[in-house]
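Some notes on the structure that comes next.
Quick note: the coordinates plus some simple rules give every number you see, no bench work behind them. Nothing here was measured: the structure is a model prediction, and the numbers come from that model. Using ideal geometry, Cβ is built from the backbone for each residue, glycine included, and neighbour counts are taken over all protein chains shown.
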Amino acid sequence: MAIVIIRQDGKSEEWKSAIQELAPDTNVYVHGDDFPKEEVSMALVWKHPENSLNQYPELKLVSSMGAGVDFILEDPGLPEQVAISRVVDPLLAEDMSEFVLALVLGHIKNLNTYHGDHRRRWWQPIAYTRIKDTSVGIMGLGQLGAKVALDLKGAGFQVSGWSRSSKDIPGITTYAGQEGLSDFLNDTNVLVCLLPLTPETEGMLDEKFFEKVEEGTYLINVARGGHLVENDLLMAIENGKISGASLDVFQQEPLGVNHPFWEHDNILITPHVASVSDMDSVASLLLENYRRLTDGDALRFEVSRSRGY
Ligand code: NDP
Ligand code: OXD
């Protein structure tokens, strides 16, 4: 039994060290090195190359090294019989919550606009909005969305949330399914996308969707670039349905140098950093599932292939 790490961002060796420090007796390999492939029972992946997983004949479990699994399920070479799991870490949820809080506050206090004005040496006061007068709507009330919702509520915002199945979260107005979407959007000044990317949610932030939002809604997308039809956002900002956006994720990452988002005054760009897997904390979670796999115990944080998350 062994673990293989498959990533393309140059961080595999660092992860290998973090895992081996916690479990010195475990065989941990880096994809691309020379080692017996048939030893590997668990693959730890982050945006791995297509058709790398099917090189491991004894693979039983593929774990994302982050919260999302969209890139695993999209791999045409994903072996059919393997289980899939992901990272569920309170630290990841805390980091996401802090990031979203920063973006919402920056928006209601006009910080992005002042940043542009500063560059132009313009002294131009703008009316601000108070926390208690701001309704934030969270799309996706899972591990991250629910934490964000509760923390924003605790900070004094009016908060609602939308998910696939009904939820009962104290202090949060919740809506579910397509039938609840319009009411949810009517209730929202700032919309935060924290959905997983699935065939159902792909491209859902599109022209038709933007027609349904309240005039002047602000969009925060910290989920996946695939949720957003990027040209439709530009049109929605042009026609005033959307007042602006903070975007952490994009159809193509890194965002191309000629992309129109870079030049847009009402769009704040961050480079997919809302919440980054903490190596020490995540290494021990990944090892716990490896131990469970090895001992034949039930796995944690398994993903449903049919739901797509
Ligand atoms: P979860 O799987 O815990 O939660 C997903 C939520 O989305 C659930 O509430 C689910 O509803 C809801 N949902 C799924 N499909 C639909 C649908 N069709 N309609 C309505 N609601 C739906 O995910 P996490 O909270 O852990 O993570 C969310 C995403 O955040 C990740 O998939 C990842 O893409 C992104 N992410 C981004 C990061 C960044 O740095 N930018 C960092 C970490 C994650 P229900 O509860 O009913 O099942
Ligand atoms: C994740 C991410 O899914 O970093 O964890 O986007």
Task: Lys, Arg +1 and Asp, Glu -1 on Cβ, resulting dipole of the stretch 77-162 about Cα centre, debye, nearest 20 - done: 520 debye
- [ ] Let me know the whole percent of all Cα-Cα pairs from the stretch 47-197 that are separated by more than 20 Å.
- [x] 60 percent
Task: Mean shadow area of the stretch 90-269, taken as a quarter of the surface of its Cα convex hull (nm²) - done: 10.4 nm²
TODO: Beyond 34 Å, what share of the Cα-Cα pairs of the chain is found? Please give it as a whole percent.
DONE: 28 percent
Task: the stretch 147-177 and the stretch 1-28: distance between their alpha carbon centers, rounded to Å - done: 37 Å
Open item on the list: Charges on Cβ only, +1 for Lys and Arg, -1 for Asp and Glu, centred on the Cα centroid of the chain; of I5, G171, Y29, which one is farthest towards the dipole's positive end?
Closed with: G171
- [ ] Report the residue, chosen from A236, A23, A149, that carries the largest GNM mean-square fluctuation when the chain is represented by alpha-carbon nodes joined by springs under 10 Å.
- [x] A23
Task: Restraint check, K47/K167; K109/K147; K47/K241; K11/K147, Cα-Cα greater than 25 Å - done: K47/K167; K47/K241; K11/K147
- [ ] Rounded to the nearest Å, what's the spacing between the alpha carbon centres of the stretch 213-230 and the stretch 247-293? Just the number, please.
- [x] 16 Å
Task: Given charges at beta-carbon only (K, R positive; D, E negative), |dipole| of the chain in Debye - done: 780 debye
TODO: Select from R121, R224, R164 the residue whose mean-square fluctuation is largest in a Gaussian network model of the chain (Cα-Cα springs shorter than 10 Å).
DONE: R121
- [ ] Divide by every residue of the chain the summed helix terms, -39500 (n - 2.57) for each DSSP H run of at least 4, and state the resulting mean residue ellipticity at 222 nm, rounded to the nearest 500 deg cm²/dmol.
- [x] -9500 deg cm²/dmol
Task: Calculated diffusion of the stretch 203-300, Stokes-Einstein form, Kirkwood radius summed over Cα pairs, 20 °C and 1.002 mPa s, µm²/s - done: 137 µm²/s
Open item on the list: Please give the charge dipole size of the stretch 90-269, origin at the Cα centre, charges +1 on K and R Cβ atoms and -1 on D and E Cβ atoms. Round to the nearest 20 debye.
Closed with: 540 debye
- [ ] Calculate, axis by axis, the spread of Cα positions in the stretch 116-165 along the three principal axes, and write the results as whole Å, longest axis first.
- [x] 48, 21, 15
